[in-house]
Amino acid sequence: MPVLELRNVSKTYNNTTRALHDVSVTVEEGEFVSIIGPSGAGKSTLLRSVNRLVDATRGVVILDGQDITRVRGKELRRVRTKTGMIFQHYNLVNRLSVMENVLHGRLGHKSTFSGALGLYTEREKEQAFFILERLGLTEQAYKRCDELSGGQKQRVGIARALMQEPKLILCDEPIASLDPNASKIIMDYLRDINKTMKITCLLNLHQVDVAIKYSERIIGLTAGRVTYDGPAQKLDKKTIYEIYQSNEGELITDMKE
Amino acid sequence: MEKRRANEIQIFKKRKLVFTAAAAAVILLFWTASFVTQYDTLLGLSSFPRAFAWIIKSMVPNAKAIERLPNILKKLAETALLSVAVTVCSAICAFFFALLGSKTTKANPLLARVVRIVAAFFRNVPDVVWAMLLMFSFGQNVLTGFFAMFLTTFGLLTRTFIETIDEVSNDCVEALDAAGANYMQTVFQGILPSSIAEVITWVLFMIETNIRSSTLIGILTGTGIGYLFDLYYKRLDYPSASLVVLSIVVLVILLEIISGGIRKVIL
Ligand SMILES: Nc1ncnc2c1ncn2[C@@H]1O[C@H](COP(=O)(O)OP(=O)(O)OP(=O)(O)O)[C@@H](O)[C@H]1O
Ligand SMILES: [Mg+2]
């Protein structure tokens, strides 16, 4: 059974901007999939329609065998706990400690009262510590998030997502604000999580070479339509130019040769 | 390149022109205003030294005034505590109202608009005017002063808190939503921790402001330190009245120092 299935999803913002156009994508359990495409192609919109930060105008979103296109309230919260999200700008609560931010991943599982007051169980705290250890953040556990470097912040973001015990992790340009070194560390962690914990990963990436290196499968999105969907190895130059609607020599990846 | 250069020069010329025009407008406005109100600048300036001398001569606190100090301090403490109570109460109300008015956390767009309008209304009527209006219902009473300051503080803080929440919470609200947190959890775990430092800064500032305005309101409502000032002033006991003013000034300065310290710790 696929973890995620989008059937003929379209999204139009404010009745004018057409961000997604009849997109159908299926992601199997344990896959590592990257979405590439030019700015404004609708990559973020696609990712956000999976956890319903954006509501599809038409089509059906099926997560873990359940049609979630129209779920609301309590049920929506429960569905959202199944997908962790990682953001380009980390989206942490900067004034709180690393530990508290990681524990935020449990909020969807908790009652309003204990969640609002930040009352976590011993088990949850132990689990948070375990995850922080795994991501090499033990020493930072009680630091405030605004004292961390970008790479460390993104690892906190990953820890928060893992804390949800998700089926699927969505990453919206996880390395776009990081230097090459930190980028590699983050991508390695994501791959490690995918391999050892069997969590499916769906990423938006701007770096084609990174996408090819790390993912098994690549989806090319151009102006709201899927223009490529296949193995990373089979993605040739010509297809890349088509996805980005540019001519040879115009892309920054061309400069290496 | 040449064209761009010319363009830039053009912009500077334009700016200079605007500046000159603005300066001319201000001067013209001043002249007209002076003419209409028959205000004589020279006379105004020349009466300064005399007024100053009078203030110094008749307003320096004397022994009799010092005798009244305990009473003054008692009333001052009353006023200060009232200001703190008002400000804290209205800040709590304002924060929850601001949640409804903010772009990121509003429950519904119409309600958000209503909140903004109500806040603007409360804020734009001066607290002294509120005090005069409320006197009809509450009479000369501490409650009048309390509600008068409550309303303006509430209006002002609602608006600033809306701005703070908008600024601070976009990113973290999105992340907490994505993790399945509900509204209350997002507010207490995301928005409140992100904005608490700004909120406290504003509360401290409003406490200072309210101590100052409670003096004026007290004159109207016959309560607190304002009442004492009014009393001494009407009895022509200027030294005591000026001691009242001095004590307020000292208190406000003290508060500024304390809140400066608090701000350093929390930011
Ligand atoms: N909240 C919104 N309201 C209106 N239009 C939006 C909104 N979000 C995105 N859009 C529009 O939808 C289109 C797709 O945007 P989206 O953010 O999904 O693109 P993207 O592929 O993620 O781009 P980038 O690579 O720059 O992040 C764009 O034309 C954008 O202007
Ligand atoms: Mg995007």
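The values are calculated or read from the model by the stated rules, or taken from the named source; none is laboratory data. Here the structure is a predicted model, which is why all the values come from computation and not from measurement. Methodologically, a virtual Cβ is constructed for each residue, glycine included, from the backbone with ideal geometry; neighbour enumeration extends over all protein chains shown.
So here's what we get for this one:
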| item | result |
| --- | --- |
| Search result, residues across region B:182-196 that are facing chain A (nearest Cβ under 7 Å) and either under 18 Å from B:Phe161 (Cα atoms) or touching a His at 6+ places or on another chain (Cβ under 7 Å) (or both) | B:Met184, B:Phe188, B:Gln189, B:Gly190, B:Pro193, B:Ser194 |
| Matching residues in region A:125-176 - criterion: being in a loop (DSSP other than H, G, I, E, B) and more than 16 Å from ligand 2 (Cβ to nearest atom) | A:Leu135, A:Gly136, A:Leu137, A:Ala141, A:Tyr142, A:Lys143, A:Leu148, A:Ser149, A:Gln164, A:Glu165, A:Pro166, A:Lys167 |
| Residue that is closer than 28 Å to B:Val187 by Cβ, touching a helix residue (DSSP H, G or I) at 6+ places or on another chain (Cβ under 8 Å) and at pLDDT below 95, where the choices are B:Phe138, B:Phe121 | B:Phe121 |
| Residue list for region A:66-101, restricted to those being assigned to a loop (DSSP other than H, G, I, E, B), of a type outside the set (A, V, I, L, M), under 23 Å from A:Leu202 (Cα atoms) and more than 9 Å from chain B (Cβ to nearest Cβ) | A:Thr69, A:Arg70, A:Gln88 |
| Helices (runs of 4 or more DSSP H) contained in region B:126-221 and holding at least 2 residues closer than 30 Å to A:Val50 by Cβ | B:142-178, B:183-186, B:192-221 |
| Condition check for A:Gly136: touching a residue at least 24 places away in the same chain (Cβ under 8 Å) and not assigned by TED's automatic domain parsing to the domain that holds A:Asn51 | no |
| Test: residue in region A:230-253 that is within 14 Å of another protein chain (Cβ to nearest Cβ), in contact with a Leu (Cβ under 8 Å, 6 or more places away or on another chain) and within 16 Å of ligand 1 (Cβ to nearest atom) | no |
| Matching residues in region A:102-116 - criterion: being at the interface with chain B (Cβ under 7 Å from one of its Cβ atoms) and either of a type in the set (Phe, Trp, Tyr) or surrounded by fewer than 19 Cβ atoms within 10 Å (Cβ to Cβ) (or both) | A:Thr112 |
| Candidate set from region A:20-63 (those that are within 14 Å of another protein chain (Cβ to nearest Cβ) and more than 16 Å from ligand 2 (Cβ to nearest atom)); member that is farthest from the chain's Cα centre (by Cα) | A:Asp55 |
| All positions within region A:158-172 that are more than 12 Å from every other protein chain (Cβ to nearest Cβ) and surrounded by fewer than 19 Cβ atoms within 10 Å (Cβ to Cβ) | A:Lys167 |
| Condition check for B:Ile219: more than 7 Å from every other protein chain (Cβ to nearest Cβ), free of Cβ contacts under 8 Å to residues at least 24 places away in the same chain and either touching a helix residue (DSSP H, G or I) at 6+ places or on another chain (Cβ under 8 Å) or at positive phi (or both) | yes |
| Every residue from region B:30-55 that is closer than 20 Å to B:Val245 by Cα and surrounded by 10 or more Cβ atoms within 10 Å (Cβ to Cβ) | B:Phe52, B:Ala53, B:Trp54, B:Ile55 |
| Complete set of residues in region A:1-19 that are part of a strand (DSSP E or B) and either within 16 Å of ligand 2 (Cβ to nearest atom) or of a type in the set (S, T, N, Q) (or both) | A:Asn8, A:Ser10, A:Lys11, A:Thr12, A:Tyr13, A:Thr17, A:Arg18, A:Ala19 |
| Any chance B:Leu43 is in a helix (DSSP H, G or I) and over 28 Å from the mean Cα position of the chain (by Cα) | yes |
| Matching entry among A:Ala211, A:Ala176 (being under 26 Å from A:His89 (Cα atoms) and surrounded by fewer than 15 Cβ atoms within 10 Å (Cβ to Cβ)) | A:Ala176 |
| Sole exception among (1) out of contact with any helix residue (DSSP H, G or I) (no Cβ under 7 Å at 6 or more places or on another chain); (2) surrounded by 17 or more Cβ atoms within 10 Å (Cβ to Cβ) for A:Thr196, by number | (2) |
| Residue within region A:198-205 that is modelled with pLDDT of 95 or more, within 14 Å of chain B (Cβ to nearest Cβ) and within 16 Å of ligand 1 (Cβ to nearest atom) present | yes |
| Boolean, A:Gln233 is buried (at least 18 other Cβ atoms within 10 Å of the Cβ) and in the same structural domain as A:Leu20 (by TED's automatic domain parsing) | no |
| Matching residues in region B:155-181 - criterion: being surrounded by 24 or more Cβ atoms within 10 Å (Cβ to Cβ) and away from every other protein chain (no Cβ under 14 Å) | B:Leu157, B:Thr158, B:Phe161, B:Ile162 |
| Where a residue in region A:37-59 is within 23 Å of A:Lys74 (Cα to Cα) and within 12 Å of ligand 1 (Cβ to nearest atom) and its partner, wherever it lies, is at pLDDT 95 or above and among the aromatic types (Phe, Trp, Tyr), with Cβ under 7 Å and at least six apart | none |
| Unmet requirement for A:Met99, which otherwise passes all of (1) touching a Phe, Trp or Tyr at 6+ places or on another chain (Cβ under 8 Å); (2) within 16 Å of ligand 2 (Cβ to nearest atom) | (2) |
